[in-house]
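Just below is one structure, and these are the notes that go with it.
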Amino acid sequence: MRYFTYCWNWCDLTICCLFVYYGYLRWQTNEVARSDTSFLPEMLGIPEFFFPFSKLKAPLDLADGALAFLGLFAWLKAIKYLTLLDTFRLLIRTLEKAAYALCVFA
């Protein structure tokens, strides 16, 4: 269980969980659209027919949030690995100082 004692392993676990959660939300959206008769291909060509797109809004909004956090954690992981290269160390230090200053300012 030493795997969970390191911060970057928790970051990896968070990335995996967010990816699975994002996939589940997209699958849920597809199932809602597939189960509703309003979204049948035969109905999509009728301009007078109302399509209840609000049923799809909640899972898509959650999926957008999950994808945003997934991108944030993946970006943090990539920044961490860029410190292994000498040419990026100054850039990473500058970004860390800027992020700290933003956190203090906020």
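Here, each number is a calculation from the coordinates, and none is a lab measurement. These numbers were taken from a predicted model, which means no experiment stands behind them. Using ideal geometry, Cβ is built from the backbone for each residue, glycine included, and neighbour counts are taken over all protein chains shown.
Annotations for the structure displayed:
- Spacing of the two label points (7 Å from each Cα toward its C-beta) at L85 and A106, in nm: 2.7
- Relative to the longest principal axis of the Cα atoms of the chain, the long axis of helix 7-35 lies at roughly 10 degrees.
- Shape category assigned to the stretch 60-106 from the gyration tensor of Cα positions, a/c cut at 1.5: oblate
- Candidate aspartates and glutamates for bridging to K55, where Cα separation is under 15 Å - those fewer than 8 sequence places away on the same chain excluded: E31, D36
- Reducing the stretch 13-38 and the stretch 55-78 to their Cα centroids gives an inter-centroid distance of 12 Å.
- DSSP-loop GluC sites (Glu not before Pro) across the stretch 1-59, with at most 13 other Cβ within 10 angstrom: E42, E48
- Segments 19-28, 89-98 sorted - mean Cβ within 10 Å per residue, highest first: 19-28, 89-98
- Nearest-ten-degree value, helix 89-105 long axis tilted from longest Cα axis of the chain: 70
- With N counted as the residues of the chain, its alpha-carbon radius of gyration over 2.2 N^0.38 Å works out to 1.61.
- Helix axis angle, 54-82 relative to the chain longest principal axis, alpha carbon, degrees: 20
- If R0 is taken as 41 Å, the Cβ-Cβ distance between E42 and C17 corresponds to a FRET efficiency of 0.60.
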